[in-house]
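The values are calculated or read from the model by the stated rules, or taken from the named source; none is laboratory data. Here the structure is a predicted model, which means the values were calculated and not measured. Positions of Cβ are backbone-derived with ideal geometry, glycine not excepted, and every protein chain shown enters the neighbour counts. SASA here: full protein model, heavy atoms, side chains in, ligands and nucleic acids out. Shrake-Rupley method; radii C 1.70, N 1.55, O 1.52, S 1.80 Å.
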Amino acid sequence: MSNVKDSQWPLWEVFVQASPGIPHKHVGSVHAPDKQMALQNSRDLYTRRSEGISIWVVPAEAIVASNPEDSGMFFEPSNDKVYRHPTFYVMPEGSKNI
Amino acid sequence: MTKQEALFSYCLRLGDNSLILGHRLSEWSSKAPIIEEDLALTNMALDLIGRSVAILKYAAEVEGKGHTEDDLAYRRPERKFYNNLLVEQPNGDFAVTIVRQFFNSTFEYLLYEELMKSKDETLAGIAAKTIKEIKYHLRHATDWMLRLGDGTPESHLRAQKALNDMWMFTDELFEMNEVDEILIKEGITVDLNMLKANWSKKINEVILESTLTVPTSTFMQTGSRQGIHSEYLGYIIAEMQYLQRAYPNAKW
Amino acid sequence: MENEKQLEQFEAKINADSKIEPKDWMPEDYRKHLIRQISQHAHSEVIGMQPEGNWITRAPSLRAKLILLAKIQDEGGHGLYLYSSCETLGISREELIEQLHNGKAKYSTIFNYPVLTWADVGAIGWLVDGAAIVNQISLQRTSYGPYSRAMVRICKEESFHQRQGYEIMGKLALGTPEQKEMAQDALNRLWWPTLMMFGPHDADSAHTGKAMKWKIKRETNDELRQRFIDKTVQQAEIIGLTMPDPELKWNAEKNKYDHGKIDWEEFKRVVNGDGPCNKKRMDNHLKAHDEGAWVREAATAYAAKQVKEQVVA
């Protein structure tokens, strides 16, 4: 249906680190022709209010996401593995620093 | 001319360059090739107008007549503006805007690096803040020079035409008058002749990498140091100052 | 059968106030409604840059100029956030823009009114952004995850927009007689079109039913419009401006303002293209789009050359 040969450039996903020591967090996306411009466009869009000290950009098509249909198989088996959590264990009364 | 008069005039030159170029870039709002670029151009307009506020405020202080930065921006006639002719040239197509940015940002980068060492603490302080913005502007302009020059045949032609058209406004960036003489002696500013070789080297490198040709024409425009401008400035001023002039007693 | 089960799960999620994410199954109508609503919202942000953009070069002080530029830039940014959340529904920005250009997608009618004076810039911030914020705060709780996240971000950033507009109006209303007249004139012209921004009355709104059921919208057009009126009347009083609605009065019984009749004929006319600035706004957008094509192509061509060089090296 589209007879327009327009290009708005490829889509990139943007991750911003707000301050040192914390993980980069997904903030949204931008369009850009290449990685250098993707970084700069992200800077101009997502850090207008000093929201970040570091930016990652990733081509949107490079992201692999799990399928909701697989969520049972993927995530539910860990629901009964409470022994992975520290609160599962009973410590002798009075013990400290553990 | 006293040192104070020279400093006032110099601040007007710096402030007007920022203000008028910021004005031109702000005209891109809603007109850029893609919305991401609209935001980028506006960011630079904000940097430039923000810088002009700081410098014109200082100019008013140096002048000592109780004016504000707004008085200087909104109540001066066109013959009392001292920005370079380059920055008042119309936006043209995107290539013209990029070439104008490229010439100017390269120049500003060299100038403000020197101004950071100025004996005038206020100017040095403004320069230290502004140099980071200029570095980003220069990166933006350089990136686009490469993409336009070495993009498609059409973009190459347009970039070359823009280079040729803007070339005649480049010599004026380095022109000096009595103001410069006085302030160089005081260690407040720098001899612009010393920046020129470096400027030429830097722009030559980028132009060649962009697969473009450095223009060779020797005719150069001049006039802004005496407040003599191209016809375009009058329209900028008329638009910018319209409300202040139509309602002289109003506060906004 | 499969579909019915999926629909059941989908509606269970909605009822539990859980968010729907891009890869989740969703009814085709839900997707269509979202694309229509989010793209209209995105286009409104982008087209909405134009009316105020008129005044960037004429802003009466350097401070006002900086604020206005930053505000308009925010609107472009918000358009971008919304385009990207719309893109998660499987439609490209190329298609979204094409739909704007061929008239399939709409934008808010308010931006088809002219911004004639500096007071109009104030009135846009105060009224139009004020109305938008009421709507957007409500939409932070929308059921579609990417839309909700965009709204949270937008609301955070927009908080200054309405204040800057009200500040302009306040200064004018308390300024010279000419300035006050300018402010009142702007309010007179923009009040009714602002009320139309919330869309038709609930009883006449084609899309409200499902949008509410699926929690795309969380409150109805009339509820949001009423909230906006109730909070704005007092703001006008404080700066001494008069609402251009003789029927506007406090209803103590219902604990809200009653207001006069909205001219829905005008609304329909403007939606369908016959507003003062419809043509101008679209012409401008098309012109920028067409004149920018060679730039977008150049960047694409350059990027392709770089990739090739890398491969060769």
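Hey, can you find the accessible area per residue of chain B for me, probe 1.4 Å, expressed in square angstrom? Working shown, then result.
Numbers: 10000 Å² over 252 residues.
On a per-residue basis, 40 Å².
Check B:T189: other-chain or 5+ apart residues with amide H under 5 Å from its amide H, H built from backbone geometry?
B:I184
Can you pull the three principal axis extents for the Cα set of the range B:3-246, in Å, largest first?
Rounded to whole Å, the extents work out to 55, 43, 32 Å.
If you count, for every residue in B:245-251, the Cβ atoms of partner chains within 10 Å of its Cβ, what is the mean?
4
Given the convex hull of the Cα atoms of the range A:41-98, what is a quarter of its surface area in nm²? Don't skip to the end; give the middle numbers.
Working: hull surface 35.3 nm².
If I average the Cα hull's projected area over directions, I get 8.8 nm².
So, taking all protein chains as they sit and a 1.4 Å probe, how much accessible area belongs to B:T142, in Å² rounded to tens?
The accessible area of B:T142 comes to roughly 30 Å².
Gaussian network model of chain C, Cα springs within a sub-10 Å range: biggest mean-square fluctuation belongs to which of C:S44, C:S61, C:S138?
Answer for the Gaussian network model of chain C: C:S61.
May I ask which residue of B:V53, B:W199, B:H23 lies farthest towards the positive end of the charge dipole of chain B, with charges of +1 (Lys, Arg) and -1 (Asp, Glu) on Cβ and the Cα centre as origin?
Checked the options; the winner is B:V53.
Quick one: accessible surface of C:H207, probe radius 1.4 Å, all protein chains present, in square angstrom to the nearest 10.
90
Comparing C:A16, C:A42, C:A131, which has the greatest mean-square fluctuation in the GNM of chain C with Cα pairs linked when under 10 Å apart?
C:A16
Give me a single rounded figure for C:285-292: the average over its residues of other chain Cβ atoms within 10 Å of their Cβ. Don't skip to the answer; put the middle values down first.
On the way: counts 2, 0, 2, 8, 6, 2, 5, 10.
So the per-residue partner count for this stretch is 4.
Just how far, in whole angstrom, is the range A:25-42 from the range B:178-229 if you go by their alpha carbon centroids?
Here the answer is 34 Å between Cα centres.
Quick one: of the DSSP bridges fully inside the protein assembly as shown, what percent are antiparallel, nearest 5?
Working: 15 of 16 bridges.
Percentage antiparallel, nearest 5: 95.
About its Cα centre, what dipole magnitude does chain A give when the only charges are +1 on Lys and Arg Cβ and -1 on Asp and Glu Cβ, stated in debye to the nearest 20? Walk me through the numbers before you get to the answer.
Values: 9 positive and 11 negative charges, 92 e Å.
Here the size comes out at about 440 debye.
Highest GNM mean-square fluctuation, chain B, Cα pairs closer than 10 Å: which of B:P153, B:P77, B:P215?
B:P153
Based solely on its DSSP helices, what 222 nm [θ] is calculated for chain C when runs of n ≥ 4 H residues each add -39,500 (n - 2.57) and the sum is averaged over all residues, nearest 500 deg cm²/dmol? Before the final figure, lay out each step's value.
On the way: 14 runs with 205 residues, N = 313.
Only helices count here, giving -21500 deg cm²/dmol.
Using all C-alpha to C-alpha distances in the protein assembly as shown, build P(r) with 10 Å bins and read off the rounded percent in each one.
Once binned at 10 Å, the Cα pair distances of the protein assembly as shown give 3, 14, 22, 23, 18, 11, 6, 2, 0, 0.
Quick one: ranking C:V311, A:V64, A:V14 by accessible area, 1.4 Å probe, largest first, what do you get? Mind dumping the intermediate values first?
Numbers: C:V311 115, A:V64 135, A:V14 0 Å².
Per-residue accessible area, sorted high to low, gives A:V64, C:V311, A:V14.
Can you put C:V295, A:V90 in order of accessible area, largest first, using a 1.4 Å probe?
Values: C:V295 0, A:V90 135 Å².
Putting C:V295, A:V90 in descending order of accessible area: A:V90, C:V295.
Which GluC sites (Glu not before Pro) in the range B:202-252 pass both tests, a DSSP loop state and at most 12 other beta-carbon atoms within 10 Å?
Working: sites: B:E205, B:E209, B:E231, B:E239; in loops: B:E231.
Answer by residue number: B:E231.
At 0.36 nm per residue, minus the direct Cα-Cα distance, what do A:V58 and A:S78 gain on full extension? Give it in nm, one decimal, please.
Working: separation 20, 0.36 × 20 = 7.20 nm, distance 2.94 nm.
Fully extending the segment from A:V58 to A:S78 adds 4.3 nm.
Lys and Arg at +1, Asp and Glu at -1: add these up for the other residues within a Cβ distance under 12 Å of C:K215 and post the number.
Working: positive: C:K13, C:K19, C:R141, C:K210, C:K213, C:K217, C:R218; negative: C:E11, C:D17, C:E219.
Local charge sum for C:K215: +4.
How well do other chains shield peptide C:168-180, expressed as the mean number of their Cβ atoms within 10 Å of each residue Cβ? Show your work: numbers first, answer last.
Numbers: counts 1, 0, 0, 3, 3, 0, 1, 5, 4, 0, 4, 5, 0.
Going residue by residue through C:168-180 and averaging, the value is 2.
Using DSSP to call loops (not H, G, I, E or B), can you name the trypsin sites (Lys or Arg not before Pro) in the range C:215-284 whose Cβ has at most 11 other Cβ atoms within 10 angstrom? Could the numbers behind the result be given before it?
Working: sites: C:K215, C:K217, C:R218, C:R225, C:R227, C:K231, C:K249, C:K254, C:K256, C:K261, C:K268, C:R269, C:K279, C:K280, C:R281; in loops: C:K215, C:K217, C:R218, C:K254, C:K261.
Answer by residue number: C:K254, C:K261.
How about the range B:46-138: which trypsin sites (Lys or Arg not before Pro) there are in a DSSP loop, with at most 15 other Cβ atoms within 10 Å of their Cβ? Write down the numbers at each step before the final one.
Values: sites: B:R51, B:K57, B:K65, B:R75, B:R79, B:K80, B:R100, B:K117, B:K119, B:K129, B:K132, B:K135; in loops: B:K65, B:R75, B:K117, B:K119.
The qualifying sites are B:K65, B:R75, B:K117, B:K119.
Using +1 at the C-beta of Lys and Arg and -1 at the C-beta of Asp and Glu, which of C:F111, A:A18, C:I72 has the Cα lying farthest in the positive direction of the dipole of the protein assembly as shown?
Final value for the positive-end residue is A:A18.
Could you work out [θ]222 nm for chain B from helices alone, using -39500 (n - 2.57) per DSSP H run of at least four and dividing by all its residues? Round to the nearest 500 deg cm²/dmol.
-22500 deg cm²/dmol
Any idea of the total accessible area buried by the A-B contact, 1.4 Å probe, rounded to 100 Å²? Intermediate results must be reported in sequence, preceding the final value.
On the way: alone 8420 and 12450 Å², together 19620 Å².
Using a 1.4 Å probe, the pair buries roughly 1300 Å².
With point charges of +1 on the Cβ of Lys and Arg and -1 on the Cβ of Asp and Glu, referenced to the Cα centre of the protein assembly as shown, which listed residue (C:A236, C:A293, B:L85) lies farthest in the positive direction of the dipole?
In the protein assembly as shown, that residue is C:A236.
Less than 11 Å from a label point 7 Å out along the Cα-to-Cβ axis of B:R79: which backbone N atoms in the range B:219-252 qualify, by residue?
B:227-228
If you only keep lysine pairs separated by 8 or more in sequence, or across chains, how many in the range B:1-130 come under 22 Å at the Cα atoms?
13
With everything on Cα atoms, drop me the angle between helix A:35-46 and the longest principal axis of chain A, reported from 0 to 90° to the nearest 10.
70
Taking only complete DSSP H runs, can you tell me which helices of chain C stretch 24 Å or more along their own long axis by Cα positions and average at least -0.5 on the Kyte-Doolittle scale? Mind dumping the intermediate values first?
Working: long enough: C:28-47 (28 Å, -0.98); C:62-87 (37 Å, 0.12); C:145-173 (42 Å, -0.67); C:177-196 (30 Å, -0.82); C:221-238 (27 Å, -1.11); C:293-312 (29 Å, -0.08).
Span-like helices in chain C: C:62-87, C:293-312.
Please compute the net charge surrounding B:K135, taking Lys and Arg as +1 and Asp and Glu as -1 over other residues with Cβ under 14 Å from its Cβ.
On the way: positive: A:R43, B:R51, B:K129, B:K132, B:R139, B:K202; negative: B:D47, B:E108, B:E113, B:E133, B:D143.
Net charge in that neighbourhood comes out at +1.
Using a 1.4 Å probe, how large is the accessible area of B:M116, given in Å² and rounded to the nearest 10?
Spelled out: B:M116, probe radius 1.4 Å, area about 80 Å².
Using alpha-carbon positions, what is the distance between the centroids of the range C:200-233 and the range B:1-33, in Å?
Cα centres, the range C:200-233 to the range B:1-33: 48 Å.
So if a site counts as exposed when it's one of the GluC sites (Glu not before Pro), its DSSP state isn't H, G, I, E or B, and it has at most 11 other Cβ atoms within 10 Å, what's the longest stretch of chain C without one? Show your work: numbers first, answer last.
Working: sites that count: C:E247, C:E253.
My reading of the result: C:1-246 is the longest stretch.
If the only charges are +1 at each Lys and Arg Cβ and -1 at each Asp and Glu Cβ, what is the size of the charge dipole of the range B:3-246 around the Cα centre, to the nearest 20 debye?
140
For B:R225, B:R139, A:R48, give me the order by solvent-accessible area with a 1.4 Å probe, most accessible first, ignoring ligands, DNA and RNA. Intermediate results must be reported in sequence, preceding the final value.
Details: B:R225 20, B:R139 120, A:R48 50 Å².
Largest accessible area first, the list is B:R139, A:R48, B:R225.
When the Cα atoms of chain C are enclosed in a convex hull and the volume is divided per residue, what value in Å³ results?
On the way: hull volume 54.3 nm³, N = 313.
Residue-normalised Cα hull volume stands at 173 Å³.
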